[in-house]
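What follows is a set of notes on a single structure, which appears directly below.
The values are calculated or read from the model by the stated rules, or taken from the named source; none is laboratory data. Source: prediction; values computed, not measured. Using ideal geometry, Cβ is built from the backbone for each residue, glycine included, and neighbour counts are taken over all protein chains shown.
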Amino acid sequence: MKVLFIGGTGVISSACSKLCIEKGMELYLLNRGQTNSAMPDKAKLIQADIRDPKAAANALKGKTFDVVVNWVAYTVDHIEMDLNLFLNRTHQYIFISSASAYHKPILNLPITESTPLHNPYWRYSRNKIACEERLISAYREQNFPVTIVRPSHTYNETKIPIHGGYAAIARMRQGKKIIVHGDGTSLWVLTHHADFAVGFVGLLGNHHTIGEIFHITSDEVLTWNQIYDILAQKAGGTAPKVYLPSTVIAQYDAEWGAGLLGDKAHSVIFDNTKIKRFVPEFNASISFSQGAEEIIKWYDKNPSAQIAPPEFDKLMDQMVAAAESIYNG
């Protein structure tokens with residue numbers, strides 16, 4: 001199978017690239033060739049900027065693919081470029097959407113692929129919804145062979161799945177207080193990228209998936225309190241938690257607030273029946289406890305990645321002081 005990944009070296013896509021190679025697929029990566037991530041062995045680089053239509057068209061001239069996956073399409077403009085590039089050039093186009101597109105606040109649990117899409121809080125999610133709508137229209141009107149995949153919060157050993165990244169781990173190791181949204185009891189799902197890859201790669205080249213939509217997540221459900229405690233325990237630190245409503249967090253950090261109100265502040269449980277039906281070998285088996293251990297080991301082996309900006313510490317201290325002044329009257 002001849003597969004083109006636009007991107008292919010990111011947190012989620014890198015595991016998928018690796019598995020494609022292991023399964024003997026002929027994998028091409030279209031990117032600018034400027035990433036620090038290592039190219040997977042045996043993958044072939046097509047060096048071009050997908051945001052430059054002429055350069056991308058020249059780089060792809062005369063080439064066709066069984067599957068095209070765009071890991072870096074975020075707006076309808078990006079989709080329009082892909083429709084111009086890949087209509088009649090591929091048998092399957094996979095769009096990477098987001099589970100954050102599901103209705104916020106959550107109406108019913110568990111979430112299925114038929115859960116309505118609606119997110120007034122986060123522009124990123126609204127853009128993904130618009131992309132999906134454009135692609136479904138192209139499927140219906142032009143027979144464009146689209147499959148839509150909605151990842152949720154997917155991580156690898158380099159991606160610490162809490163706000164602040166390593167700076168938050170550093171605070172834990174120093175015994176400093178950490179801000180957690182709400183009261184820490186809302187439910188969340190974290191998916192290891194290697195587990196995601198099994199479900200995703202199983203969709204490639206499967207003509208039964210054309211016109212279909214899938215989310216691919218772990219079945220493990222954790223509270224945010226548990227997530228912070230697991231990371232602190234693996235880091236050999238503590239996680240003295242101070243709680244703030246997400247709306248208040250947004251007043252201090254607009255970007256963090258948007259991600260909370262538009263996604264992470266809402267409890268989620270996903271029904272993965274559909275992906276398991278189409279890809280029977282999919283079974284997310286890597287617990288977050290295992291994943292957190294991988295994360296801490298990787299950062300301990302890579303001191304240059306241990307980035308802890310003083311600005312984060314200062315903001316966290318300000319928020320802790322504000323929360324404690326509220327709670328202490």
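Every residue in the stretch 113-131 that is surrounded by 15 or more Cβ atoms within 10 Å (Cβ to Cβ) and touching a residue at least 60 places away in the same chain (Cβ under 8 Å), please.
Hits for the stretch 113-131 are E113, N119, Y121, W122, Y124, S125.
Anything in the stretch 61-83 that is assigned to a strand (DSSP E or B) and among the aliphatic types (A, V, I, L, M)? List them, or say none.
Those that are assigned to a strand (DSSP E or B) and among the aliphatic types (A, V, I, L, M): V67, V68, V69.
Residue-by-condition table, conditions (1) over 23 Å from H193 (Cα atoms); (2) of a type in the set (S, T, N, Q); (3) buried (at least 16 other Cβ atoms within 10 Å of the Cβ):
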site	(1), (2), (3)
D253	yes, no, yes
W256	no, no, yes
H266	no, no, yes
K274	no, no, yes
E281	no, no, no
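One residue is enough: does the stretch 115-138 have a residue meeting the conditions more than 22 Å from the chain's Cα centre (by Cα) and modelled with pLDDT of 95 or more?
As a first pass, look at the stretch 115-138 and keep what is more than 22 Å from the chain's Cα centre (by Cα): 137-138.
Next, only the ones that are modelled with pLDDT of 95 or more stay: 137-138.
Within the stretch 115-138 (the criterion being more than 22 Å from the chain's Cα centre (by Cα) and modelled with pLDDT of 95 or more), the answer is yes, since at least one residue qualifies.
Which ones in the stretch 133-170 are in a loop (DSSP other than H, G, I, E, B) and within 18 Å of E80 (Cα to Cα)?
Of everything in the stretch 133-170, those that are in a loop (DSSP other than H, G, I, E, B) and within 18 Å of E80 (Cα to Cα) turn out to be N143, F144, P145.
Considering only residues that are closer than 16 Å to E22 by Cβ and of a type in the set (D, E, K, R), which ones fall in the stretch 194-213?
Correct list: D195 only.
Taking T147, is it polar (S, T, N, Q), in contact with a Gly (Cβ under 8 Å, 6 or more places away or on another chain) and within 16 Å of W71 (Cβ to Cβ)?
yes
Tell me, please, whether a residue that is charged (D, E, K, R) and more than 25 Å from K104 (Cα to Cα) can be found in the stretch 233-246.
Yes, the stretch 233-246 contains at least one residue that is charged (D, E, K, R) and more than 25 Å from K104 (Cα to Cα).
Check off (1) in a helix (DSSP H, G or I); (2) at pLDDT below 95 for Q318 and give me the number that stays unchecked.
Single failed check for Q318: (2).
Among the helices (runs of 4 or more DSSP H) contained in the stretch 179-283, which hold 1 or more residues that are under 19 Å from the mean Cα position of the chain (by Cα) and at pLDDT 95 or above?
Correct list: 193-201, 224-235, 254-259, 273-278.
Find the residue count for the stretch 287-307, including only residues that are surrounded by fewer than 17 Cβ atoms within 10 Å (Cβ to Cβ) and among the hydrophobic types (A, V, I, L, M, F, W, C).
3
For the subset of the stretch 294-321 comprising residues that are among the aliphatic types (A, V, I, L, M) and out of contact with any helix residue (DSSP H, G or I) (no Cβ under 8 Å at 6 or more places or on another chain), which member is nearest to R173 (Cα to Cα)?
Of all residues in the stretch 294-321, those among the aliphatic types (A, V, I, L, M) come to 295-296, 305, 307-308, 315-316, 319-321.
Right, trim to out of contact with any helix residue (DSSP H, G or I) (no Cβ under 8 Å at 6 or more places or on another chain) and you get 320-321.
Working: V320: 17, A321: 20 Å.
Result: V320.
Got at least one residue in the stretch 42-53 being acidic (D, E), without any contact (Cβ under 8 Å) to a residue 60 or more places away in the chain and in contact with a strand residue (DSSP E or B) (Cβ under 6 Å, 6 or more places away or on another chain)?
no
Quick one: which of L27, L19, L45, L107 is of a type outside the set (V, I, T), over 21 Å from the mean Cα position of the chain (by Cα) and under 30 Å from I269 (Cβ atoms)?
It is L107.
Checking the conditions here, which among I136, I106, I96 is surrounded by fewer than 17 Cβ atoms within 10 Å (Cβ to Cβ), under 17 Å from E212 (Cβ atoms), hydrophobic (A, V, I, L, M, F, W, C) and in the same structural domain as V201 (by TED's automatic domain parsing)? Quick ask: steps written out before the conclusion?
Numbers: I106 fails: under 17 Å from E212 (Cβ atoms); I96 fails: surrounded by fewer than 17 Cβ atoms within 10 Å (Cβ to Cβ).
Result: I136 is the single residue among I136, I106, I96 that is surrounded by fewer than 17 Cβ atoms within 10 Å (Cβ to Cβ), under 17 Å from E212 (Cβ atoms), hydrophobic (A, V, I, L, M, F, W, C) and in the same structural domain as V201 (by TED's automatic domain parsing).
Restricted to the stretch 50-73, and to residues that are exposed (fewer than 15 other Cβ atoms within 10 Å of the Cβ) and under 25 Å from the mean Cα position of the chain (by Cα), which residue is farthest from S100 (Cα to Cα)?
By that ranking, first place goes to D52.
So which pairs qualify, if the first residue must be in the stretch 3-29 and farther than 27 Å from L190 by Cβ, the second must be surrounded by fewer than 24 Cβ atoms within 10 Å (Cβ to Cβ) and among the polar types (S, T, N, Q), the Cβ gap must be under 6 Å, and the two must be at least 6 apart or on different chains?
If the second residue must be surrounded by fewer than 24 Cβ atoms within 10 Å (Cβ to Cβ) and among the polar types (S, T, N, Q), no pairs are left.
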